[in-house]
Amino acid sequence: MTGYIKTMKDLEAATYGLRGSSALLKSAGIVGGFGTPHDDASGNPFSGSAASNLGDLYNVLYGQKVWSMLNQEVNALSIMAKRPYTSSGWRVLKSRPQGGSGSSFGIGAGAVGSAAPKADLIGGVPENESLSNISALAPEYAKLYISPKTVAHKFEFSELGMELAAIDDGVGDIRAIVREDMGKHHAESQNVMLLMPLEKMSDLQGATNTDRNYTSLMKIVSSAEEIGQMYLDNVTELGADDSGTPAVSPELTRIFGDVRPVAIGGSHGSETATATASFLDAEVDFGTGYADGTARVLTLSILNDMIRRIRENGGSPKVMITGYDTIQHISDLLQSQERFMDRKEIVPTHNGVRGPKGAEVGFRVATYYDIPIIPAKDMPSTGLSTSNRLTDILLLDTDHLWLSVMKPTQYFEDGISNGNPFGVGKLGNQGLYRTMGETACSFFKGQGKITNLKSA
């Protein structure tokens, strides 16, 4: 299958049987209605003149409709680039051939190839130098991998309920209503997964199987230092390993087959956290800690500093995601300085946020230094401070952050309305939405997060 699936359009065509650039949008009701082709005998690929064809048509249309919803709504899921799942692993540059792995080339007193070589050992050689005197160098790579996650939501409705809903003062076609609402829930749930806060992934909440969900952006854009500080400030549980030694929950430290090293020392009540920096660390600004009373008032300086740090690391923020409250706060800060937010037309596509508006549906959003600010109602607010809290801010380089899609959204239905009550084992019907994929990142230092914020 992967032999001819090179782009998301290829994957959509293989899944839905589509051909043509706008077929998916038209069938999903974005460009045109999806109801009119049912009786169209003009050769439309989504039409069928016989009533017996309509059962299959429903599956195609509603699967495509939800998939289009995922890609068209301005939220965390839509801004991520979509790539076909053609490989489970990828390599990332862990360290330079010499000069270390920091944002700048380290110069010190070390030998050739070290993290901080002497200034005269970084590549300059005498004229006609013998090759034997030139040291061989090699960058250090790490291999990361993912496993596809299955997101599924099942629902059912009885034959009697469907019949009663169509008469008296009923709601009408309960099948269509429930299917529509469940499709929206399927899309919303995936958005919630992507913005799941770190503290909800720990044993404190009893959530020991969060790795069944998409890996959250809040986890991808994190660092060993942040995880250690959250542990010390009791934002996450005070856990222990199998021997009873204090330790951070592995749900927080594991990432794409590797681990962000956080060592917990001491005993309960007097723990210490030693975080080892690595290529897996994103840029995270949480202030002095997450304890109650440590939240900082969000300023433009904090925001500007994060943008600078990401760019120094070699990243280029393509989009900013935060809550409506934080967007309002940024707007108030700019107005107080007689500056105003610009607005920009953006288009969520397979490649993330791009724009200006083309053939697809576009949206106008506020920008900061030409970075689109995407509002997300599900954005968390990290920290223990209880008053005037603001939602966190993610600054993402979506060239290195994507959703690897194995199966776009598909819809399945069976039951008595389809002439097969034995398929569901009752006098009713069952429907199922399913999407398969996983988030991935190839450059962590190009991603940034600002947390532990308040308005005043």
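The rows are residues; the columns are (1) touching a helix residue (DSSP H, G or I) at 6+ places or on another chain (Cβ under 8 Å); (2) in a helix (DSSP H, G or I); (3) modelled with pLDDT under 80.
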| site | (1), (2), (3) |
| --- | --- |
| 47 | yes, no, yes |
| 54 | yes, yes, yes |
| 61 | yes, yes, yes |
| 71 | yes, yes, yes |
| 97 | no, no, no |
| 104 | yes, no, yes |
| 108 | no, no, no |
| 137 | no, no, no |
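Checked across the stretch 172-185, the condition of being out of contact with any Ser or Thr (no Cβ under 6 Å at 6 or more places or on another chain), more than 28 Å from residue 67 (Cα to Cα) and exposed (fewer than 15 other Cβ atoms within 10 Å of the Cβ) holds for no residue. If you go through the stretch 140-156 one residue at a time, do you hit one that is surrounded by 14 or more Cβ atoms within 10 Å (Cβ to Cβ), in contact with a strand residue (DSSP E or B) (Cβ under 6 Å, 6 or more places away or on another chain) and free of Cβ contacts under 8 Å to residues at least 12 places away in the same chain? No, because not a single residue in the stretch 140-156 is surrounded by 14 or more Cβ atoms within 10 Å (Cβ to Cβ), in contact with a strand residue (DSSP E or B) (Cβ under 6 Å, 6 or more places away or on another chain) and free of Cβ contacts under 8 Å to residues at least 12 places away in the same chain.
Step by step: first the residues of the stretch 208-233, then only those that are among the hydroxyl-bearing types (Ser, Thr, Tyr) and in a helix (DSSP H, G or I), then the one that is modelled with the highest pLDDT. Which residue is that? Can you show your working first?
Within the stretch 208-233, the first condition is being among the hydroxyl-bearing types (Ser, Thr, Tyr), and the residues that meet it are 208, 210, 214-216, 222-223, 231.
Now drop any that are not in a helix (DSSP H, G or I), which leaves 210, 231.
On the way: 210: 79, 231: 88.
Going through the qualifying residues, I end up with 231.
Counting only residues that are farther than 24 Å from residue 61 by Cβ and at pLDDT 90 or above, the stretch 417-438 holds 1 of them.
Looking at this structure, is residue 143 at pLDDT 85 or above, touching a Lys or Arg at 6+ places or on another chain (Cβ under 8 Å) and outside any loop (DSSP other than H, G, I, E, B)? So residue 143 passes the test.
Of all residues assigned to the stretch 172-193, none qualifies as being farther than 27 Å from residue 256 by Cα, assigned to a loop (DSSP other than H, G, I, E, B), touching a strand residue (DSSP E or B) at 6+ places or on another chain (Cβ under 8 Å) and small (Gly, Ala, Ser).
For the criterion of being basic (Lys, Arg) and in contact (Cβ under 8 Å) with a residue 60 or more places away in the chain, residue 434 passes. When residue 406 is tested against the conditions (1) in contact (Cβ under 8 Å) with a residue 24 or more places away in the chain; (2) touching a helix residue (DSSP H, G or I) at 6+ places or on another chain (Cβ under 7 Å); (3) over 21 Å from residue 300 (Cβ atoms), the lone failure is (2). Of all residues in the stretch 124-133, none satisfies being more than 30 Å from residue 259 (Cα to Cα) and either surrounded by 12 or more Cβ atoms within 10 Å (Cβ to Cβ) or in contact (Cβ under 8 Å) with a residue 12 or more places away in the chain (or both).
Would a scan of the stretch 200-207 turn up a residue that is over 23 Å from residue 383 (Cβ atoms), polar (S, T, N, Q) and modelled with pLDDT under 90? First the steps, then the outcome.
Start the filter on the stretch 200-207 by keeping residues that are over 23 Å from residue 383 (Cβ atoms), which leaves none.
So far as the stretch 200-207 goes, no, none of its residues is over 23 Å from residue 383 (Cβ atoms), polar (S, T, N, Q) and modelled with pLDDT under 90.
For the stretch 426-456, taking the residues that are assigned to a strand (DSSP E or B) and in contact with a Pro (Cβ under 8 Å, 6 or more places away or on another chain), the one that is farthest from residue 211 (Cα to Cα) is identified as 428.
Filter the stretch 380-394 for residues that are over 12 Å from the mean Cα position of the chain (by Cα) and at pLDDT 95 or above; which is surrounded by the most Cβ atoms within 10 Å (Cβ to Cβ)?
Within the stretch 380-394, the subset over 12 Å from the mean Cα position of the chain (by Cα) is 380-393.
The next check asks that each one be at pLDDT 95 or above; those that pass are 390-393.
On the way: 390: 28, 391: 24, 392: 26, 393: 24.
Filtering first and then ranking leaves 390.
Across the stretch 73-95, what is the total count of residues that are among the acidic types (Asp, Glu) and modelled with pLDDT of 85 or more?
Within the stretch 73-95, the subset among the acidic types (Asp, Glu) is 73.
Checking which are modelled with pLDDT of 85 or more leaves us with none.
Within the stretch 73-95, residues that are among the acidic types (Asp, Glu) and modelled with pLDDT of 85 or more number 0.
The values are calculated or read from the model by the stated rules, or taken from the named source; none is laboratory data. Values in this document were obtained by computation on a predicted structure and should not be read as measured data. Don't worry about glycine lacking a Cβ; one is built from the backbone with ideal geometry, like all the others, and counts go over all protein chains shown.
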